[in-house]
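Student: My questions all concern the structure below.
The values are calculated or read from the model by the stated rules, or taken from the named source; none is laboratory data. None of these values were measured; they are calculated from a predicted model. All Cβ positions, glycine included, derive from the backbone under ideal geometry; neighbour counts span all protein chains shown.
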Amino acid sequence: MSYALIVEDDRWLGESYQKTLERAGVRTALVQSGYEAMDVIDAEVPSVIVADIMLDGHTTFTLFHELQSYDDTKDIPIIICSGVVDRSLTEEKLKSYGVVEVLDKATVTNEILVDAVKEHGEFATHE
């Protein structure tokens, strides 16, 4: 069964994303750091990752870079859901990290999040 990994250090927001996706039939895991993400990914590779960029003073680009260095994780689609996107990051640079879509936290709705996650992965529904 495939699933989405959510990387969000704001526990309330992460749980909100998790509940939204699970109601839509997407199995999820929620972590608050890149280190936790790698542990979860080592156990089971997700179909898609939804990640904030800023995590307690660090960015998730270290995680994205790490994922690109392994054959079994380099093709995981990444959806950035953040209020902070560095304008110097070109679309080409983001694609090199596996980023397939960028959502603005300030304007993202439940429907937009679900549509983005389902568009970039194959998901089995909850029974």
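Student: I'd like the residue in segment 22-49 that is in a strand (DSSP E or B) and touching a Gly at 6+ places or on another chain (Cβ under 9 Å) and, out of all such residues, is surrounded by the most Cβ atoms within 10 Å (Cβ to Cβ).
Tutor: So, considering only residues that are in a strand (DSSP E or B) and touching a Gly at 6+ places or on another chain (Cβ under 9 Å), the one surrounded by the most Cβ atoms within 10 Å (Cβ to Cβ) is Ile49.
Student: Would you say Leu103 is closer than 19 Å to Glu8 by Cα, in contact with a helix residue (DSSP H, G or I) (Cβ under 8 Å, 6 or more places away or on another chain), at pLDDT below 90 and not polar (S, T, N, Q)?
Tutor: Judged against the criteria, Leu103 is not a match.
Student: Filtering segment 1-19 down to residues that are of a type in the set (S, T, N, Q) and closer than 18 Å to Ile78 by Cβ, which residue is farthest from the chain's Cα centre (by Cα)?
Tutor: Ser2
Student: So, Val85, is that one more than 18 Å from Val31 (Cα to Cα), touching a strand residue (DSSP E or B) at 6+ places or on another chain (Cβ under 7 Å) and at pLDDT below 85 or not?
Tutor: Answer is yes for this residue.
Student: Across segment 37-75, what is the total count of residues that are free of Cβ contacts under 8 Å to residues at least 24 places away in the same chain and either of a type in the set (D, E, K, R) or under 12 Å from Gly98 (Cα atoms) (or both)?
Tutor: Residues flagged as free of Cβ contacts under 8 Å to residues at least 24 places away in the same chain and either of a type in the set (D, E, K, R) or under 12 Å from Gly98 (Cα atoms) (or both) within segment 37-75 amount to 5.
Student: Would you mind finding the one in Lys93, Lys74, Lys118 that is part of a loop (DSSP other than H, G, I, E, B) and basic (Lys, Arg)?
Tutor: Lys74
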